[in-house]
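The values are calculated or read from the model by the stated rules, or taken from the named source; none is laboratory data. Predicted model only: the values in this text are computed from it and were never measured. Quick reminder, even Gly has a Cβ in these numbers, built from the backbone with ideal geometry, and neighbours come from all protein chains shown.
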Amino acid sequence: MKDLAVLILAAGKGTRMISRRAKVLHKVCGVPMVSLVCRAAAALQPGDVIVVVGQDGDLVRKSLKEYGARFVDQAEQLGTGHAMITARAEFEGLAGNLLVLYGDTPRIKPDTLRMLVDRHRHSGAATTLLTTRVANPYGYGRIIRNGKGQIAAIVEEKDASPAQRSITEINPGLYCFQIRPLVASLEGLSNRNVQGEYYLTDVIAIQREAGLQIEGVIHEDSEELQGINTRAELAEADRALRMRKNRQLMAAGVTMIDPESTYVDLDVELERDVTLYPQVILQGSTFIGEGATIHSGARITDSRISAEALILNCSQIADSVVGAGSSVGPFARIRDRSVVGEGCRVGNFVELKKTSLGDRSKAAHHAYLGDATIGCDVNIGAGVITCNYDGVRKHATIIEDGAFIGTDSQLVAPVRIGRNAYVAAGSCITADVPEGALAIARERQVVKADWVKRRAKTESP
Ligand code: UD1
Ligand code: CA
């Protein structure tokens, strides 16, 4: 839609969130609210996307970098009308229409925006806005209709009379404006109201009084248009979008034992025949391949889990890859760009940090493997530790294909264990072990025969 520009207002602090962070950066299902709004608008392929930023402006810019938006700084936030005036230079020269959205409406769907723009085009109105009815209109601007049933004005909660407050048709804050009359109407805004702010909503009364055509489109699904002002509303939106995502995933062939308690961020991808147990958390840009199973309490962030992998209870995986058919956990931790190959086993209480484990290798219990490059078909015994930190620097451990590291060994890095070499249980390895060798690095055992009997004699009175 080349004759359409989108303007998103996202400068406000969001006082009611009680937060150090700007409201629009708070995440819903892992994605900042303002990104969700921008994403819905981007689906219409508008010619221009303009975003008004203020509080945490740099972070808001960063969270929108993939949308090719232009940004306008509103240093002081004097209201939504003031935000429009601040951005005016960015749109006043454009022909066509301006879709104005607020950055705190994360549930909005592209189809709804498309419908609003289509209705606006067909009616030829100066302004078309969505309205909706809610049981509890508290906090929203109320839609005031005249004797002919036309929208005459929007009155904000704080400025409304008791009679106006009882109106349940509200302004969700989604408008499509013809640009030319809008620019003229902005001249008429003032801040003579209870909040001392410039209200964008006053444009409606200004245009009605000027005899311009204003269309309202009543949208049935008021929840989709919900504006988020508080943490409680944030949690409601999160839950709603999560359930929307879970339904899509189930429709695409994912099994969820209990969708109500399954937490999948919006940008996570799952293939068919994945099974998710209750209380699984999948975050960020995670991908889960076909047939993989994730047990309860697992939390997987920005990671790739390949087909047929099995992630057992309470494992935490971040920024890492698990290969096809591998099993991880219970209680494993894999992080910092670790890579687990195919057919591997990473068992209980094993931690991998910046470590790669080749195909079919196993670390079945209680190990710490950090900054290690481990080949294929390696066996890491219980309790093996890579001593990768000397107090100043991190050092690498290399374990080549087919090596066997005996139980409870320490590998003091930097160190290399050659192909097919063995390290005896309980060794403290401080030097490289060549290919095919056996290294034993522990005290020899001393056995003192009949020691107990002899002690008893010397100790008797
Ligand atoms: C606004 C509407 C109200 C509507 C409600 C829907 C006005 C005057 N009121 O009220 O009619 O029912 O949204 O949710 O428009 N912002 C700026 N700069 C500012 C002020 C706000 O960019 O100076 C941005 C905020 O970041 C936010 C959006 O505009 O994303 C809406 O601001 P907010 O303060 O939440 O408006 P409401 O009081 O909810
Ligand atoms: Ca709001």
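A few points about this structure:
- Restricting attention to region 388-423, the residues that are assigned to a loop (DSSP other than H, G, I, E, B), of a type in the set (A, V, I, L, M) and touching a residue at least 24 places away in the same chain (Cβ under 8 Å) total 3.
- Residues of region 131-175 classified as assigned to a loop (DSSP other than H, G, I, E, B), more than 9 Å from ligand 1 (Cβ to nearest atom) and among the aromatic types (Phe, Trp, Tyr), total: 1
- Hits in region 221-244 - residues which are outside any helix (DSSP H, G or I) and either farther than 14 Å from Leu174 by Cβ or within 16 Å of ligand 2 (Cβ to nearest atom) (or both): Gln226, Gly227, Ile228, Asn229, Thr230
- Boolean, Arg16 is assigned by TED's automatic domain parsing to the domain that holds Ile218, of a type in the set (D, E, K, R), within 14 Å of ligand 1 (Cβ to nearest atom) and not in a loop (DSSP other than H, G, I, E, B): yes
- Looking only at residues in region 406-461 that are among the charged types (D, E, K, R) and touching a strand residue (DSSP E or B) at 6+ places or on another chain (Cβ under 6 Å), the one that is surrounded by the most Cβ atoms within 10 Å (Cβ to Cβ) is Arg416.
- Checking each residue in region 84-99 for being within 19 Å of Leu4 (Cβ to Cβ) and assigned to a helix (DSSP H, G or I) picks out Met84, Ala87, Arg88, Ala89, Glu90, Phe91.
- Filter result (within 14 Å of ligand 1 (Cβ to nearest atom) and without any contact (Cβ under 8 Å) to a residue 40 or more places away in the chain) within region 197-210: Ile206
- Taken over region 100-109, the criterion of being part of a strand (DSSP E or B) and either more than 26 Å from the chain's Cα centre (by Cα) or within 11 Å of ligand 2 (Cβ to nearest atom) (or both) is satisfied by Tyr102 alone.
- Taking the criterion of being outside any helix (DSSP H, G or I) and either among the small types (Gly, Ala, Ser) or within 16 Å of ligand 2 (Cβ to nearest atom) (or both), the residues of region 56-77 that qualify are Gly68, Ala69, Gln74, Ala75, Gln77.
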